[in-house]
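First comes the structure, then the notes that go with it.
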Amino acid sequence: MEQKKRKIRRSKEDVIFDSVIFVILTVIFLVVAYPLYFIIISSVSDPGAVAGGKVIFYPVGFNLNGYKEVFKDDRIIRSFMNSIFYTVCGVLVNLAVTLPTAYALSRNKFFLKKQTMAFYMVTMFIGGGMIPTYLVVQKTGLLDTMWSLIIPGALSVYNMIVAKTFFQQNISEELYEAAEIDGCGHGRFFFNIALPLSGAITAIMVLYYGVGHWNSYFSALLYIQDETKFPLQLVLRTILIQNEAQLNQQAYDAASRAALEEKRQLTELMKYSLIIISSIPVMVMYPFIQKHFVKGVMIGSVKG
Amino acid sequence: MKKENKVQTQNKKSFLQILRRDFSLVLFILPGVIITFIYTYIPMYGVQIAFRKYNPRLGFTGSEWVGLKHFIRFFESPYFLLTIKNTFILSLYSMVVGFPIPIILALMLNSFRHKKYRKVIQTVTYAPNFISTVVMCGMLILFLSPSVGIVNNVIKSLGGDAINFMAEEKLWRHIYVWSGVWQGMGWSSVIYFAALAGISPELHEAAICDGASKLQLIRYIDLPSIMPTATILLIMNCGSILSVGFEKVFLLQNDLNKGVSQVISTYVYQVGLLDRNLSYSSAIGLFNSVVNAILLILVNKAADKMSGNSLW
């Protein structure tokens, strides 16, 4: 029977069905891939060619002026470094808070388990909102400090539940009981036995939180006024989103339009290069990210 | 203390014993609990400034009580209907488009037998999810720019007139929703794809032996098996129908499209942090949360009655 299965002829209907799916998926593939590809080829093309719409399938007038322009801008370099700091420190704090919490809540015998879970579940449905949270951040003295982007979001309930599910499935109560008989408490068990067995979940947490820190701009928009502390995303907002309007206005005031036009095209080109540079850390990690994020979704979905 | 312990029966441990046993676990949860308490629970308590005339010197509880004044002011302002309408239309539109597309994508990928090509499509469609909101909106503005954007270059080369997309109120919602689909469809399909991968192959084989076509496999096996997941996600979506994401709307907003892009959350930001009208802004935020909570409960009840799937 099993060998024959392969020989079952596909019906006409199935052949049509397969071809339709193939075509639709290919269209989806192109629609998603082309904008990304376009950014890459534009970033290394001649500014005039990009603005004139000559860059479509491959780079025209290959050059790296856009990238040079990016590196001339102090704001970008500084905020890039800031973002690295926020991401590294942020992730360390996230791990230090999330993993122990998740481990403790994965132990069924823990006497505060139910209460603590309820304490966290409530926060998934209600919150104080933007302004009261802002006021608390202000009152605790974090406003306009780097900590404002690290401390308030130290624990994401969703991530914590993913980690907790992982501990429940992989670090069994029996394992702990065996260690307990040998005189090992929860503290030592967690650091010497549970953590070394939890490389997978640590990687997932690092990437979940890391991508979150790298890409977030909202908390910085609310809490940081000092430009030297801006994360990259906030500077990107200034350049990519707010600049456009300013440049349009300048164009009308200008006496020498040609020179300005050239400058303008270079500024536009620089945006493509900037998008690439700002995405490099995530792109480099993308193979790991894809693998671990998918794993995280699987673990998370077990609980629903 | 030792005496007390001896008095206890062997089965029931005293509270102190339990506390000593779980002491390190208590230490483990402490940092998270403290931070969450300060930055999530105290703001919940601070919501009461929505009913007060907030004065920074007097704090959450000391400020003068004004009752529903801020709420009434919001209900009577022209922004009330405008922001609610915009929020509602935007999130309903996002949901109607954004909810079925990942399911369809997952079903197509699952019935697509060419493994390598499938892997390529998955890798590419997941990628936009990891682009930051700022870069995403920056890309949109670049592509749609009336002077140098590729979209307008194409339109111009076809003989049309350049369109200033970001200034057109009619187009703004479509841009917002479909760029969201572009960014999110691949990633949102992961959870359905995982559910589909869990279907036992024997089910499919048996159906094929009975002469089922591929379309029938999807209709009678695949679709029913992802329904529970889909329902849960739909309920959660409905619960947040009045809380469209602030980040992207805010970035795509400009003075020319505010008529359709001013949603509740951006209005809360504008009134609260730009105009420094803290109490009024909190009142709007609170109103929004309450409506969301009511919607979530209603939809959850409806889903429970109709399909037996619910959040709790």
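The values are calculated or read from the model by the stated rules, or taken from the named source; none is laboratory data. Quick caveat, the model's predicted, so the values are computed rather than measured. All Cβ positions, even for glycine, are placed from backbone atoms using ideal geometry, and neighbour counts span all protein chains on display.
From the set of residues in the range B:273-296 that are among the hydroxyl-bearing types (Ser, Thr, Tyr) and more than 24 Å from the chain's Cα centre (by Cα), which is nearest to residue A:132 (Cα to Cα)? In this case the residue turns out to be B:279. Within the range A:49-65, can one find any residue that is among the hydroxyl-bearing types (Ser, Thr, Tyr) and either more than 12 Å from chain B (Cβ to nearest Cβ) or in a loop (DSSP other than H, G, I, E, B) (or both)? Yes, some residue in the range A:49-65 is among the hydroxyl-bearing types (Ser, Thr, Tyr) and either more than 12 Å from chain B (Cβ to nearest Cβ) or in a loop (DSSP other than H, G, I, E, B) (or both).
Filtering the range A:140-154 to residues that are within 8 Å of chain B (Cβ to nearest Cβ) and either over 23 Å from the mean Cα position of the chain (by Cα) or assigned to a helix (DSSP H, G or I) (or both) leaves only A:140. Residue-level check: of (1) within 12 Å of another protein chain (Cβ to nearest Cβ); (2) farther than 24 Å from residue A:80 by Cβ; (3) touching a Gly at 6+ places or on another chain (Cβ under 7 Å), residue A:241 misses just (2).
From the list B:148, B:154, the one residue that fits, being more than 22 Å from the chain's Cα centre (by Cα), modelled with pLDDT under 90, in a helix (DSSP H, G or I) and under 22 Å from residue A:54 (Cβ atoms), is B:154. Counting only residues that are farther than 19 Å from residue B:225 by Cβ and either facing chain A (nearest Cβ under 8 Å) or modelled with pLDDT under 90 (or both), the range B:99-116 holds 2 of them.
Could you check the range B:117-137 and list, in sequence order, the residues that are at the interface with chain A (Cβ under 10 Å from one of its Cβ atoms) and charged (D, E, K, R)?
B:118
From the list A:109, A:114, the lone residue that is surrounded by fewer than 18 Cβ atoms within 10 Å (Cβ to Cβ), more than 7 Å from chain B (Cβ to nearest Cβ) and not in a helix (DSSP H, G or I) is A:109. Take the conditions (1) surrounded by 18 or more Cβ atoms within 10 Å (Cβ to Cβ); (2) more than 30 Å from residue B:145 (Cβ to Cβ); residue A:82 misses just one of them, which is (2).
Here are some residues: B:242, B:298. Which one is assigned to a helix (DSSP H, G or I) and either modelled with pLDDT of 85 or more or in the same structural domain as residue B:92 (by TED's automatic domain parsing) (or both)? B:298 is the lone residue from the list that is assigned to a helix (DSSP H, G or I) and either modelled with pLDDT of 85 or more or in the same structural domain as residue B:92 (by TED's automatic domain parsing) (or both). The conditions of being more than 9 Å from every other protein chain (Cβ to nearest Cβ), under 30 Å from residue A:240 (Cα atoms) and touching a helix residue (DSSP H, G or I) at 6+ places or on another chain (Cβ under 8 Å) are not met by residue B:268. From the set of residues in the range A:182-198 that are modelled with pLDDT of 90 or more and either away from every other protein chain (no Cβ under 13 Å) or over 13 Å from residue A:107 (Cβ atoms) (or both), which is surrounded by the most Cβ atoms within 10 Å (Cβ to Cβ)? So the residue we want is A:198. Being out of contact with any Asp or Glu (no Cβ under 8 Å at 6 or more places or on another chain), within 30 Å of residue A:287 (Cα to Cα) and either at the interface with chain A (Cβ under 8 Å from one of its Cβ atoms) or not basic (Lys, Arg) (or both) is the requirement here; does residue B:140 meet it? So residue B:140 fits the description; yes. The residue of the range B:198-215 that is farthest from residue A:12 (Cα to Cα), among those that are of a type outside the set (A, V, I, L, M) and surrounded by 15 or more Cβ atoms within 10 Å (Cβ to Cβ), is B:204. Taken over the range A:184-200, the residue count meeting the criterion of being hydrophobic (A, V, I, L, M, F, W, C) and without any contact (Cβ under 8 Å) to a residue 40 or more places away in the chain is 5. A count restricted to the range B:273-295 and to residues that are without any contact (Cβ under 8 Å) to a residue 60 or more places away in the chain, under 16 Å from residue B:52 (Cβ atoms) and surrounded by fewer than 23 Cβ atoms within 10 Å (Cβ to Cβ) stands at 2.
Can you go through A:93, A:97 and tell me which one is in a helix (DSSP H, G or I) and facing another protein chain (nearest Cβ under 7 Å)?
On the way: A:93 fails: facing another protein chain (nearest Cβ under 7 Å).
None of the other options fit; the residue is A:97.
Among B:206, B:212, which is outside any helix (DSSP H, G or I), aliphatic (A, V, I, L, M) and closer than 21 Å to residue A:17 by Cα?
Criteria check complete, one pass: B:212.
More than 27 Å from the chain's Cα centre (by Cα), more than 8 Å from every other protein chain (Cβ to nearest Cβ) and farther than 21 Å from residue A:240 by Cβ: does that describe residue B:170? Against the criterion (more than 27 Å from the chain's Cα centre (by Cα), more than 8 Å from every other protein chain (Cβ to nearest Cβ) and farther than 21 Å from residue A:240 by Cβ), residue B:170 does not qualify. Of the residues that make up the range A:209-222, is at least one more than 11 Å from every other protein chain (Cβ to nearest Cβ) and among the β-branched types (Val, Ile, Thr)? So far as the range A:209-222 goes, no, none of its residues is more than 11 Å from every other protein chain (Cβ to nearest Cβ) and among the β-branched types (Val, Ile, Thr). Looking at the structure I just gave you, is residue B:157 facing chain A (nearest Cβ under 9 Å) and surrounded by 14 or more Cβ atoms within 10 Å (Cβ to Cβ)? No, not satisfied.
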